Every structure is written in C-alpha cells, then in structure tokens.
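Since the structure comes first, as structure tokens, the remarks are kept for the end.
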Amino acid sequence: MLTVLGGLAEFERQARGVKMGRPPKLTPHQAKEAIKRREAGEPMRDIAKSYNVSHSTISRLTEQVA
C-alpha cells in the first residue's frame, strides 16, 4: 500500500515539475564552456579551479557528452 502511494506521489511531483536531489554545481552555460575548454586541451584541474569545483565534476561533464 505504501509503495503504491509513494509511486503516485512521485508522478504528482513530476507533473508539477518538482526536481528532487542536489542542485547542479555548474549552470548549463558554465557546463558548456567547461566542455569546450576541455576539448581545447586545457587541463581539467585548471578548469575546475576557475569554477571552484573538483576536477571530478569536470570529468563527469565530459563523460556525458561522449
């Protein structure tokens, strides 16, 4: 019974446009810029320092594009 109610609540949240979870550290514009900089050959650590995030955040961005 609780599983059914939980499933219905999830669909209601999706219908209202509510997103759950942690917000992204980079805006979509920043993510696109970071991907372009990575493709240009700039080191991930330098890109990460400029956005004040970890290098793993930048590496995950490049994996999503590939």
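The values are calculated or read from the model by the stated rules, or taken from the named source; none is laboratory data. Predicted model, so just to flag it, every value in this text is computed and none were measured. Cβ sites come from the backbone with ideal geometry, for glycine too, and all protein chains shown count toward neighbours. These area figures cover heavy atoms from the full protein model, side chains too; ligands, DNA and RNA do not enter into them. Shrake-Rupley method; radii C 1.70, N 1.55, O 1.52, S 1.80 Å.
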Open item on the list: Given (1) of a type outside the set (Val, Ile, Thr); (2) modelled with pLDDT under 90; (3) surrounded by fewer than 10 Cβ atoms within 10 Å (Cβ to Cβ), identify the lone condition not met by residue 13.
Closed with: (3)
Open item on the list: Of everything in region 19-43, what is under 16 Å from the mean Cα position of the chain (by Cα) and either open to solvent by less than 80 Å² (accessible area, probe 1.4 Å) or in contact (Cβ under 8 Å) with a residue 60 or more places away in the chain (or both)? Give them in sequence order.
Closed with: 21, 26, 27, 30, 31, 33, 34, 35
- [ ] Would you please name the residue that is least open to solvent (accessible area, probe 1.4 Å), looking only at residues in region 44-66 that are in a loop (DSSP other than H, G, I, E, B) and at negative phi?
- [x] 53
Open item on the list: I'd like to verify a number: residues in region 7-25 that are under 27 Å from residue 59 (Cα atoms) and among the aromatic types (Phe, Trp, Tyr), how many?
Closed with: 0
Open item on the list: Which numbered condition in (1) modelled with pLDDT under 90; (2) surrounded by fewer than 10 Cβ atoms within 10 Å (Cβ to Cβ); (3) β-branched (Val, Ile, Thr); (4) assigned to a helix (DSSP H, G or I) is the only one that residue 4 fails?
Closed with: (1)
